[in-house]
Amino acid sequence: MPVSRRHFLVTSAVCAWGGLTLSDAVSEETTGRNGQLLLHTWERDQRNPIFVPRSEFDAQGAHSPFVVLHEFQWWMFYAGIGKDGVQRICLATASPETPTEWERHGPILELGGKDAFDERSATYPCVYRIGDKWHLYYSGRSHRDGKQYFSNYWGIGLAQSDDLLHWKKHSLEPVLQGDGVETYPDCRALVGLGNIVDLPQSDGRTLYRIYYTLLPGLKDPDYQANGTWHVVEHKVCMAAHSYDGITWTDRQIVLERRRDVTTEDIGVVGLNVWKSRNGYRGVYTGLGTKFNTYALAEAASRDGLTWDRGSGSDNVSLTLQPASWDSGMIGYPCVLREKDQIRLFYNGAGGGATGVGMAVAGLVD
């Protein structure tokens, strides 16, 4: 997002599911005795931020990290905000044993040409192995205008690789756009900010589910003066499905903002999901008036589509830390499921201006 917006961010209805209430549908092992969602206890790494912007291609920020563990190394894809203010997909690698010592490989994709969906910037990477290739999904920013406040984010593109280092765009056109959502039929704006899970099928095939973020917020140039932050910053967590990682169908809302919950009454962003013993767990960032920025929240699900967030704001598990690198926000989460814990990578103040931090938590189920 534009720098001015990042600077601005710095400054229970029970649903039915399969004949059961949602709180009944989620195993009691994921909820406490009072019926509230059991949360992970996050421990921030004392070395935070573990990755600090400093190169020409990320001098102004390391935005929206996405980390893959491959061949005993962390491969971190992120949007480097260069000295020219432009976001480009960059890569850095490090050993988990030395998480502050990164080898920067720089930008790995060229921006698109005139009128392309990614002519202005590329951001919000998501990487997953599909078939015999690595797939990198990224959000492009263009000069296109429209009804939505973020109309210039209208496509998610795809690049492919054999080795995670060398990438080639699958097409000059996006593989996923913001249309096709019944609740918001006029919306064309979207970004990634999610991850992918695989769903093995009975016929031997694998169905892939991508989580991403729809941006139905409408324009208001004077939203700060008018108090219409909730209009322009309206964000929704989505899911879509594909067998080949190229054609995505069945687009559906999986998390909508809760207007009566002050930690996410503006929007919900960046659902990251992993498989648990009882179904799925997920983290996302709620944008709300309680903190006037993003905070990390949690949810649980049996099917990965219908989510229990508990009641009120009790599902918030990581918030701002005063007088620290992440005192401005907790945003753009990326999770790595490890043997007995979850590792979280995230941005703090300025949406990447202060770098990337890390936290870990033992699994709750």
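Bear in mind these aren't lab numbers, they're just calculated from the coordinates by the rules spelled out. Predicted model only: the values in this text are computed from it and were never measured. Neighbour counts are summed over all protein chains in view; Cβ atoms, including those assigned to glycine, are modelled from backbone coordinates with ideal geometry.
Beyond 29 Å, the tail of the calculated P(r) for the chain holds 35 percent of the Cα pairs. Computed about the Cα centre, the dipole magnitude for the chain is approximately 420 debye when only Lys and Arg (+1) and Asp and Glu (-1) carry charge, each at its Cβ. The listed peptides 314-327, 232-245, 292-305, 163-176, ordered by packing as a protection proxy, come out as 292-305, 232-245, 314-327, 163-176 (highest mean of other Cβ atoms within 10 Å first). With a simple spin-label model that places each label point 7 Å from the Cα along the Cα-to-Cβ direction, the separation between L305 and E71 comes to 3.8 nm. When the alpha-carbon atoms of segment 37-95 are used, the pair Rg, Dmax equals 13.8, 44 angstrom. Listed from fewest to most Cβ neighbours within 10 Å, the set I253, I108, I81 follows the order I253, I108, I81. The residue list W75, V283, P216 was ranked by how far each Cα lies along the charge dipole of segment 3-362 toward its positive end, using unit charges on Cβ atoms, and P216 comes out on top.
Taking the centroid of alpha carbons for each part, segment 278-356 and segment 150-178 are 25 Å apart. Ranking T247, I342, Q46 by how far each Cα lies toward the positive end of the dipole of the chain (charges on Cβ) leaves Q46 at the top. Lys-Lys pairs in the chain that are eight or more residues apart or on separate chains and whose Cα atoms lie under 18 Å of each other come to 8. Between L363 and T247, full extension at 0.36 nm per residue minus the direct alpha carbon distance yields a gain of 38.4 nm. Note on D260 and Q46: the extension gain reaches 73.5 nm, defined as 0.36 nm multiplied by sequence separation minus the Cα-Cα distance.
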